[in-house]
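What follows is a set of notes on a single structure, which appears directly below.
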Amino acid sequence: MKAILFLIIVLLSFSSCSKKEYNNGWFNIEKNYVDIPQKKYDYSGVEKKSANNSDNNNEVIDTSKVDMNNVIEIKERMFINQCNDVYLNPDDYRGKLIKLEGIYDGFTDDETGEKLNFVFRYGPGCCGYDGVAGFEFNYNGNIPNPQDWIEVVGVVEILEIDNYETIRLNAISLNVLDKRGKEFVAN
């Protein structure tokens, strides 16, 4: 009996999900990951990658060249898998239209003053549904309120930030919807 009790105590002590404090708690991401750039999301040196993989800082997406009838719709049932496919195969999606719904959130970078916008849904993480899947997007129109349910249609662009490629949607439309979809998705 004592051996079983001891084993349970040891297993509970090794559990990584027992405490979730981050920046002001015991886990300091900057101390644990020294290679993180000092300026988070600093787009001052962003280079958009053109289709022929040459660097082109002045690339502007011409929506007249985008096939508006060929929209890739990311739906609830395979939301995480389809988002991951875009991130894993960016060249297959460059310049294509993607339509998705999700929760809106954004923040302003304190150092650069740039407003960053995201559309996402919650998904599985280490401790339940604490992960997210979705995209950053750029939009020049009216920005919704945090936690609004939105539909974004945007052109996939590949950005290079500090020698790291990432995806951003150049939104051509953004609509706030009254009917919310599933905030928590599994696939």
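Looking across L88, L97, L169, L159, one residue alone is within 24 Å of F184 (Cβ to Cβ) and in contact (Cβ under 8 Å) with a residue 12 or more places away in the chain. It is L169.
Pairs meeting the criteria (first residue in segment 108-120 and free of Cβ contacts under 8 Å to residues at least 60 places away in the same chain, second residue aliphatic (A, V, I, L, M) and open to solvent by 60 Å² or more (accessible area, probe 1.4 Å), beta carbons under 9 Å, at least 6 apart or on different chains) are K115/I143; N117/I143; F118/V132; F120/V132.
Exactly one residue among D92, D130 is over 18 Å from G141 (Cα atoms), in contact with a Lys or Arg (Cβ under 9 Å, 6 or more places away or on another chain) and not small (G, A, S), and that residue is D130. The residues of segment 105-117 include none that are outside any strand (DSSP E or B) and aromatic (F, W, Y). Of all the residues in segment 148-187, those that are closer than 19 Å to I80 by Cα and not in a strand (DSSP E or B) number 7.
Kindly check whether there is at least one residue in segment 152-175 that is hydrophobic (A, V, I, L, M, F, W, C) and surrounded by fewer than 13 Cβ atoms within 10 Å (Cβ to Cβ). So far as segment 152-175 goes, no, none of its residues is hydrophobic (A, V, I, L, M, F, W, C) and surrounded by fewer than 13 Cβ atoms within 10 Å (Cβ to Cβ). Going through segment 118-134 one residue at a time, which ones are assigned to a strand (DSSP E or B), surrounded by 12 or more Cβ atoms within 10 Å (Cβ to Cβ) and out of contact with any helix residue (DSSP H, G or I) (no Cβ under 7 Å at 6 or more places or on another chain)? The answer is F118, V119, F120, Y122, P124, Y129, D130, G131, V132.
Of the residues in segment 136-143, at least one is hydrophobic (A, V, I, L, M, F, W, C) and open to solvent by less than 60 Å² (accessible area, probe 1.4 Å). For segment 97-117, a tally of residues being surrounded by fewer than 17 Cβ atoms within 10 Å (Cβ to Cβ) and within 16 Å of N84 (Cβ to Cβ) returns 0.
The values are calculated or read from the model by the stated rules, or taken from the named source; none is laboratory data. Note that the structure is predicted; figures quoted are calculated from it, not measured. Counting neighbours? That spans all protein chains shown, and the Cβs are built from the backbone with ideal geometry, glycine included. To get the accessible areas, we keep the full protein, side chains included, count just its heavy atoms, and leave off ligands, DNA and RNA. Shrake-Rupley method; radii C 1.70, N 1.55, O 1.52, S 1.80 Å.
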